[in-house]
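Chemist: One structure coming up, written as structure tokens, with questions to follow.
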Amino acid sequence: MITTPALAGLPVVWHADCLRHEPGGEVWLGVWETGTEVPDRATVLLDALTAAGAAVTDSRSHGNEALLAVHDAELVEHLATVWAQWEAGGYASEHGRTRVVPYVFPTPGMLSGLAMRSPAATHGRVGKFCYDTMTLVGPGSWEAINAAADAAMTAADLVAAGAPAAYALCRPPGHHATRHAYGGSCYLNNAAVAAQSLHLAGAERVAVVDIDAHHGNGTQAIFYDRPDVYYGSLHVDPGAGWFPHYAGYAQERGSAAGVGANRNLPLAPGTGDGGWLEALEVIRADVRNHGADVIVVSLGVDAAAADPESPLQVTSTGYARAGELIGALGPVVAVQEGGYDLPSLGGLVVAALGGILAGA
Ligand SMILES: [Zn+2]
């Protein structure tokens, strides 16, 4: 019997440079650990998507217009140059510090009202841009960061040109990166860049639907005061002790002209398909009210039961159903976020994307 592959015709946008980011672990609670945001994630995904019949296409290089609309030029410059500065400073060769890790953070409490400076020492300056100790930069990091943003923009181009759906295999992920800072294993906000690209291509209203297990504090922050880009997220409750700890609460509804265009649905640890899909319905109602022309999905599959990074218990059937429900809302640009259980990662993403195609 001949069956049609699950993802036949779906454009998967990818660039091999995404493999060049090797964080080499993370410093978590003061201890260097192996880390889970590894290059193998992308390899596993690529294999599964190819096996499911998706059409893999290379990303193409983009200018900075969308990027600089959602990120400070100073952050982009820092990410593009910090490894060279680290090397030139001898941190790696003379001191054995093989990755860029911040150690001092100019928090509001430290500055106590003083103006922000740009410290002379590279090791002093990193904390101005990086808000945690687990988001490391190494030799090929910038090439991967840049390639991931290009993949997101290329997928947005395809949908702007009429494709009902496209998927960007972005690595590193992006939704924790704010306008000014990186963290949470994210450097540039790929989903925000995709949303902004769609806006520049003529979409008047864009909705970002974030189904990663964690709150996308970066995406929320970037669009918090904008009425034209809605952000809705279902995630494990930061109030129950989960990253990003400082954002992701239900009362965060947007500011200024963006009031009402932000929705958080924090979920109790242990939430499975039922509660998760119920929360998605709240976001779907918002997206319909918002009148979005196009949807960007922050497709993290770390809400799955087997994932080591979250206590949510979503199944691959749940991901397939979520895909269908989102696909029914309009054209979709899916952007890869988290998902760290290598044995199940590919199947989960294929299930979600298959759902999006079925729902479209
Ligand atoms: Zn996550």
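Chemist: Looking at Thr122, Thr135 in this structure, which one is of a type outside the set (Phe, Trp, Tyr) and touching a helix residue (DSSP H, G or I) at 6+ places or on another chain (Cβ under 7 Å)?
Modeler: Thr122
Chemist: Test Val82 against the stated conditions and say whether it is touching a helix residue (DSSP H, G or I) at 6+ places or on another chain (Cβ under 8 Å) and more than 17 Å from Ala149 (Cβ to Cβ).
Modeler: It is false that Val82 is touching a helix residue (DSSP H, G or I) at 6+ places or on another chain (Cβ under 8 Å) and more than 17 Å from Ala149 (Cβ to Cβ).
Chemist: Here is a follow-up. Determine the pairs where a residue that is closer than 24 Å to Ala195 by Cα, located within region 227-249, has a partner that is more than 13 Å from the ligand (Cβ to nearest atom) and among the aromatic types (Phe, Trp, Tyr) with Cβ atoms under 7 Å apart, the partner being 6 or more residues away or on another chain.
Modeler: Filtered contacts from region 227-249: Val229/Phe223; Tyr231/Phe223; Leu234/Trp276.
Chemist: Ok, one more. Would you pick out the residues in region 1-54 that are within 15 Å of Gly339 (Cβ to Cβ) and charged (D, E, K, R)?
Modeler: Scanning region 1-54 gives Glu37, Asp40, Arg41, Asp47.
Chemist: Is region 185-202 home to any residue that is of a type in the set (Ser, Thr, Tyr) and at positive phi?
Modeler: Scanning region 185-202, I find at least one residue that is of a type in the set (Ser, Thr, Tyr) and at positive phi, so the answer is yes.
Chemist: Residues of region 250-274 being touching a residue at least 40 places away in the same chain (Cβ under 8 Å) and closer than 22 Å to Glu309 by Cβ, which ones?
Modeler: Asn264, Pro266, Leu267, Pro269, Gly270, Thr271, Gly272, Asp273
Chemist: Can you tell me which residues in region 24-45 are of a type in the set (Phe, Trp, Tyr) and closer than 19 Å to Pro139 by Cβ?
Modeler: Hit for region 24-45 is Trp32, nothing else.
Chemist: Out of region 49-62, which residues are among the hydrophobic types (A, V, I, L, M, F, W, C) and either under 22 Å from Asn217 (Cα atoms) or surrounded by 15 or more Cβ atoms within 10 Å (Cβ to Cβ) (or both)?
Modeler: Within region 49-62, Leu49, Ala52, Ala54 qualify.
Chemist: Of everything in region 82-95 that's aliphatic (A, V, I, L, M) and crowded, with 16+ Cβ neighbours inside 10 Å, which residue is modelled with the lowest pLDDT?
Modeler: Going through the qualifying residues, I end up with Ala92.
Chemist: Name the pairs: first residue in region 76-100 and among the acidic types (Asp, Glu), second residue part of a helix (DSSP H, G or I), Cβ to Cβ under 9 Å, at least 6 apart or on different chains?
Modeler: Listed pairs, sorted by first residue: none to list.
Chemist: Specify which of the listed residues (Gly270, Gly216, Gly300) is more than 18 Å from the chain's Cα centre (by Cα) and small (Gly, Ala, Ser).
Modeler: Of the residues listed, the single one that is more than 18 Å from the chain's Cα centre (by Cα) and small (Gly, Ala, Ser) is Gly270.
Chemist: Do you know which residues across region 291-300 are crowded, with 21+ Cβ neighbours inside 10 Å and over 14 Å from Ala352 (Cα atoms)?
Modeler: Within region 291-300, Ala292, Val294, Ile295 qualify.
Chemist: Another one. Out of curiosity, is Leu79 under 22 Å from Asn190 (Cβ atoms), at pLDDT 95 or above, surrounded by 16 or more Cβ atoms within 10 Å (Cβ to Cβ) and not hydroxyl-bearing (Ser, Thr, Tyr)?
Modeler: Yes; evaluated as a whole, the condition is true for this residue.
Chemist: Let me ask you something else. Check whether at least one residue in region 107-118 is in contact with a helix residue (DSSP H, G or I) (Cβ under 6 Å, 6 or more places away or on another chain) and either among the β-branched types (Val, Ile, Thr) or closer than 20 Å to Pro23 by Cα (or both), and report yes or no.
Modeler: No: region 107-118 contains no residue that is in contact with a helix residue (DSSP H, G or I) (Cβ under 6 Å, 6 or more places away or on another chain) and either among the β-branched types (Val, Ile, Thr) or closer than 20 Å to Pro23 by Cα (or both).
Chemist: Would you check which residues across region 63-73 are in contact (Cβ under 8 Å) with a residue 24 or more places away in the chain and either on the phi > 0 side of the Ramachandran plot or surrounded by fewer than 19 Cβ atoms within 10 Å (Cβ to Cβ) (or both) and list them?
Modeler: Result: Glu65, Ala69, Asp72.
Chemist: A further question on this structure: Restricted to region 92-106, and to residues that are among the β-branched types (Val, Ile, Thr) and touching a helix residue (DSSP H, G or I) at 6+ places or on another chain (Cβ under 9 Å), which residue is nearest to Val27 (Cα to Cα)?
Modeler: Val101
The values are calculated or read from the model by the stated rules, or taken from the named source; none is laboratory data. The model shown is predicted, which means the values in this text are computed figures rather than measured ones. Cβ atoms come from the backbone with ideal geometry, glycine included; neighbour counts cover every protein chain shown.
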